[in-house]
Amino acid sequence: MDNFILYFIFYILYIFIYKMPCSISCSISTVFIIAMIYFYNMTLKSDFIQNYKKTLPTNLKILYEKLAKERLYISLYGYILGFILSLFIIFYNLRLKKNEKLNNISIVCIVMSTCFLTNYFYYILSPKSDWMLNHVDNQSEVTAWLKMYRQMQVYYHSGLVLGIIAVGVLAFAFRC
């Protein structure tokens, strides 16, 4: 799996460097792709999260899994909404005159940017049905949850920063 992720990142970078015109939408897409890969890779391998789950009593483990599933669905709905918005962009582009249409690479970058940005804002702004903090009984459980929650934020935003740095280096190196 790790090799696949590395090959995927190198492939994205290859396309970005050699095949894509420099544009804002391609940069945004690349930032979010790198952030997503980093976030999911870090959370799947995180001892921090696994240790947190081990400290929970059975009823809170069940609740944690329920809330994690809810958050996953919120994220998926955000991607679906982004995809639907992207379809409008694609169909709009198809209706343009031949000399006004965006090229394929540009439309792909715009579609990816639309999907990722829609997903991000949908997830952040969606109301959540419940929070773990509403069910913990003592200060040590509160502290453990806050540490785990903070670590998840750090993973995601570190991925965004890495993506921004990667795009900045590429843009500077190739003078987009």
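Read-outs: derived from the displayed coordinates by stated rules, not from any lab. None of these values were measured; they are calculated from a predicted model. Neighbour counts run over all protein chains shown; Cβ positions are idealised from the backbone, glycine included.
Note on ILE165 and PHE83: with the Förster distance fixed at 35 Å, the Cβ-Cβ geometry gives a FRET efficiency of about 0.80. If the Kirkwood radius is taken over C-alpha pairs of region 30-174, then at 25 °C and 0.890 mPa s the Stokes-Einstein diffusion coefficient equals 139 µm²/s.
Mind listing which trypsin sites (Lys or Arg not before Pro) in region 72-170 are in a DSSP loop and have 14 or fewer other Cβ atoms within 10 Å? Sparse-neighbourhood loop trypsin sites (Lys or Arg not before Pro): LYS97, LYS98, LYS101, LYS128.
Note on TYR73 and ASN104: the model spin-label points, each 7 Å out from Cα along the C-beta direction, lie 3.8 nm apart. Ordering PHE88, PHE32, PHE48 by the number of other Cβ atoms within 10 Å of each residue's own Cβ, fewest first, gives PHE88, PHE48, PHE32. Here the alpha carbons of region 81-153 define both size measures, Rg and Dmax, at 20.4, 65 Å. Fully extending the segment from LYS54 to ARG150, taken as 0.36 nm per residue of separation minus the present Cα-Cα distance, adds 32.8 nm. Each of SER75, SER86 has some number of other Cβ atoms within 10 Å of its Cβ, and from fewest to most they run SER75, SER86.
A Förster radius of 45 Å combined with the Cβ-Cβ distance from ASP130 to TYR92 puts the calculated FRET efficiency at roughly 0.70.
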